[in-house]
C-alpha cells in the first residue's frame with residue numbers, strides 16, 4: 001500500500017484534480033517542512049512552534065487534506081470513534097438522541113459509528129473488535145453482565161444511556177424512570193382515577209421494569225388497587241394496540257392506563273377508539289413516557305412523562321470528557337428527573353399541571 005492509501009483522503013472537487021489522495025508527504029512538500037513536523041502539527045503536539053503549526057494546518061486545509069482515522073489510530077492507539085449500540089431504533093426517541101449526541105461529539109472532533117442488530121447484543125462484538133472505538137454508548141439494548149465484561153477486559157469505557165445493568169462496572173446516564181412511574185400514579189389518583197392498569201414494553205428492559213415498579217408502588221401509596229399489567233412484548237405500536245385489547249377483555253372497568261412508552265401509548269389509544277369504542281379521556285385516561293415529537297400532535301395530544309433528553313446528553317458528554325482524561329475513580333451513575341406533560345389524553349385538572 002502506498003502513502004496515499006495510508007494517510008490521506010480524496011481531494012475535493014475543484015481542488016487538486018487528478019492528484020488522487022492528498023497525503024502527509026504532499027502537505028510537507030508544499031509547507032516546506034518535514035513529514036514528522038506535519039504529523040506533530042496535525043496531532044496538536046505541544047512541542048511544535050505555534051507559527052509552524054498554524055502554517056501547516058492552513059496548508060493542509062488549502063489542499064483539502066484530512067487524516068485517515070484508522071491509520072492514525074494505529075499510531076496513536078486512539079480511533080477517535082464513539083460506537084453507538086442499538087438493537088431497536090424504531091422508537092423515535094432514540095433517533096433524536098443519536099442526531100443530537102452525534103452533533104455534540106463532532107464538536108469534540110469525535111466521530112460516531114452506529115452499530116445495530118436484530119437480536120442478541122453479543123452479535124455486535126466482532127464489529128466492535130474491528131473498529132476498536134475509544135468508547136461505547138449503549139442506546140437501546142438489553143444486555144448481560146457477561147457482555148459488559150468484554151469492555152472491562154479490553155479497557156474500553158462504556159456508558160449506558162437510559163438503561164443500566166445491576167452490578168455492572170459501567171457509567172450510567174438515565175432518566176429516573178421509577179420516579180416517573182410513581183409521579184403518574186400519584187397524579188392519576190389525585191384526579192380521582194380508581195382502576196389503573198399498565199401496558200408493558202419489553203419486559204426485561206430496565207426502563208420498563210423501573211417504570212412499572214414506580215407505577216405499582218405509587219398506586220399502592222395512593223391506596224389504589226394493584227394495577228392489572230398487560231404484557232406488551234416490546235416497545236412498539238402493536239404492543240400497545242394488542243395490550244389494550246387484552247387488558248379490557250379481562251378488566252373492562254379500567255379507567256386509567258399507563259404505558260411503557262409513547263409508541264405503546266399511541267397504539268393503546270388507537271385500540272381504545274377503533275376496537276373498543278372508548279372515548280379518551282372521558283372513558284379512560286392514557287399516559288405515555290418519553291415525550292417524543294408526535295406525542296404533542298393534535299391527533300394524539302398525549303399526556304406523558306418527558307425525559308430530560310438534553311440534560312441527559314449534556315451529562316453523557318461530560319462523562320465522555322471525564323473518561324477521555326482517564327481520571328481515576330469508579331464509573332458514575334446519574335439518574336435525572338422527568339417532567340409530566342399534561343395534555344388531552346388524561347383527565348388531570350388544571351390545578352394538577354406541573
> Would segment 28-37 turn up any residue that is at pLDDT 65 or above and touching a strand residue (DSSP E or B) at 6+ places or on another chain (Cβ under 7 Å)?
Replying inline: no
> Restricting the search to segment 125-145, which residues are at pLDDT below 70 and assigned to a helix (DSSP H, G or I)?
Replying inline: 145
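Residues are listed down the side, and each one gets a yes or a no for (1) out of contact with any strand residue (DSSP E or B) (no Cβ under 9 Å at 6 or more places or on another chain); (2) modelled with pLDDT of 95 or more; (3) assigned to a helix (DSSP H, G or I):
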{"site": "172", "(1), (2), (3)": "no, no, no"}
{"site": "193", "(1), (2), (3)": "no, yes, no"}
{"site": "203", "(1), (2), (3)": "yes, no, no"}
{"site": "235", "(1), (2), (3)": "no, no, no"}
> How many residues are surrounded by fewer than 24 Cβ atoms within 10 Å (Cβ to Cβ), within 14 Å of residue 215 (Cβ to Cβ) and in contact with a strand residue (DSSP E or B) (Cβ under 6 Å, 6 or more places away or on another chain) when one looks only at segment 174-191?
Replying inline: 2
> Within the bounds of segment 225-243, is there any residue that is on the phi < 0 side of the Ramachandran plot, surrounded by fewer than 16 Cβ atoms within 10 Å (Cβ to Cβ) and either in contact (Cβ under 8 Å) with a residue 40 or more places away in the chain or not assigned by TED's automatic domain parsing to the domain that holds residue 185 (or both)?
Replying inline: no
> Which one of 293, 251 is assigned by TED's automatic domain parsing to the domain that holds residue 192 and closer than 30 Å to residue 109 by Cβ?
Replying inline: 293
> Of the numbered conditions (1) assigned by TED's automatic domain parsing to the domain that holds residue 89; (2) crowded, with 21+ Cβ neighbours inside 10 Å; (3) outside any helix (DSSP H, G or I), residue 334 satisfies every one except a single condition; which is it?
Replying inline: (2)
>> Regarding segment 301-317, can at least one residue be identified that is out of contact with any strand residue (DSSP E or B) (no Cβ under 9 Å at 6 or more places or on another chain), outside the structural domain of residue 139 (by TED's automatic domain parsing) and either on the phi > 0 side of the Ramachandran plot or assigned to a loop (DSSP other than H, G, I, E, B) (or both)?
In response: yes
> within 30 Å of residue 136 (Cα to Cα), in contact with a strand residue (DSSP E or B) (Cβ under 7 Å, 6 or more places away or on another chain) and not in a helix (DSSP H, G or I), is that true of residue 165?
Replying inline: no
> Which ones in segment 243-272 are more than 22 Å from residue 305 (Cβ to Cβ) and in a helix (DSSP H, G or I)?
Replying inline: 245, 246, 248, 249, 250
> Does residue 254 satisfy being over 23 Å from the mean Cα position of the chain (by Cα) and either touching a residue at least 40 places away in the same chain (Cβ under 8 Å) or closer than 19 Å to residue 139 by Cα (or both)?
Replying inline: yes
> Which of the residues spanning segment 205-224 are at pLDDT 95 or above and part of a loop (DSSP other than H, G, I, E, B)?
Replying inline: 222, 223, 224
>> Out of everything in segment 318-341 that is in contact with a helix residue (DSSP H, G or I) (Cβ under 7 Å, 6 or more places away or on another chain) and at pLDDT below 95, what residue ends up being nearest to residue 81 (Cα to Cα)?
In response: 332
> Mind checking which residues of segment 39-52 are over 37 Å from the mean Cα position of the chain (by Cα) and either surrounded by 14 or more Cβ atoms within 10 Å (Cβ to Cβ) or at pLDDT below 80 (or both)?
Replying inline: 48, 52
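To keep it simple, each residue is scored yes or no on (1) modelled with pLDDT under 85; (2) assigned to a loop (DSSP other than H, G, I, E, B).
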residue	(1), (2)
55	no, no
60	yes, no
66	yes, yes
79	yes, yes
89	yes, yes
98	no, no
101	no, no
104	no, no
112	no, no
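The values are calculated or read from the model by the stated rules, or taken from the named source; none is laboratory data. Predicted model only: the values in this text are computed from it and were never measured. Here Cβ is always computed from backbone atoms with ideal geometry, including for glycine, and neighbour counts include all displayed protein chains.
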